[in-house]
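The values are calculated or read from the model by the stated rules, or taken from the named source; none is laboratory data. This one's a predicted model, so the numbers in the text were calculated from it and none came from an experiment. Heads up, the Cβs are rebuilt from the backbone with ideal geometry, glycines too, and the neighbour counts pull from every protein chain shown. These area figures cover heavy atoms from the full protein model, side chains too; ligands, DNA and RNA do not enter into them. Shrake-Rupley method; radii C 1.70, N 1.55, O 1.52, S 1.80 Å.
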Amino acid sequence: MPSLHFHVNSSMSPDEVMGVLTNFSPSRVEEWSSIDAEHFQVHERGDTWAEVTEGNDKSWERARYEWDPSANRVTVTTRDSVPFGSGGWQFQMTPTDNGTRVDVRLERHPTSFKSKMLSSIIPFAGPVFRKSFKEPLHTT
């Protein structure tokens, strides 16, 4: 099971970070460069959860987001993903003097040969993922 753990520091408060992570309005495609409008769909939504498909031509996933404001945590359960398979993300926000430390955990459970091969790069992809959070989360 390929996994990756890293953290980023944001100048935003934990509530603001959670707001960006759980914003499923049409502006999501403007905030996240890895999501395009053609591959963004909100299937269902509740007060503390959402089922969405998001991504782009090269990579997309259908996932269930669940968030707990009192615990400063967002959990994403990936139901299906091209090209990586199922798995998930976890975002844990911790307040700091200068904003928020966001601890990120990514796991994949590939089943096909192709997804197993592609998922093998995940443990080494920290710099790419950190960069993808830079603008939306105002990381330093």
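Some points to look at:
- Residue pairs meeting the criteria (Cβ under 7 Å; at least 6 apart or on separate chains; first of a type in the set (Phe, Trp, Tyr), in region 90-115; second assigned to a strand (DSSP E or B) and crowded, with 16+ Cβ neighbours inside 10 Å): Phe91/Arg73; Phe91/Val74; Phe91/Val102; Phe91/Val104
- Residues (crowded, with 16+ Cβ neighbours inside 10 Å and either within 21 Å of His138 (Cα to Cα) or among the basic types (Lys, Arg) (or both)) located in region 67-88: Trp67, Asn72, Arg73, Val74, Thr75, Val76
- Of all residues in region 89-103, those satisfying the criterion of being open to solvent by less than 70 Å² (accessible area, probe 1.4 Å) and either over 11 Å from the mean Cα position of the chain (by Cα) or modelled with pLDDT under 95 (or both) are Gln92, Met93, Thr94, Thr96, Gly99, Thr100, Val102, Asp103.
- Here Leu106 clears all of (1) assigned to a strand (DSSP E or B); (2) at pLDDT 95 or above; (3) of a type in the set (A, V, I, L, M) except the condition numbered (2).
- Residue in region 47-66 that is at pLDDT below 95, surrounded by fewer than 15 Cβ atoms within 10 Å (Cβ to Cβ) and part of a strand (DSSP E or B) present: no
- Region 11-25, subset part of a loop (DSSP other than H, G, I, E, B) and in contact (Cβ under 8 Å) with a residue 12 or more places away in the chain, residue farthest from Gln92 (Cα to Cα): Phe24
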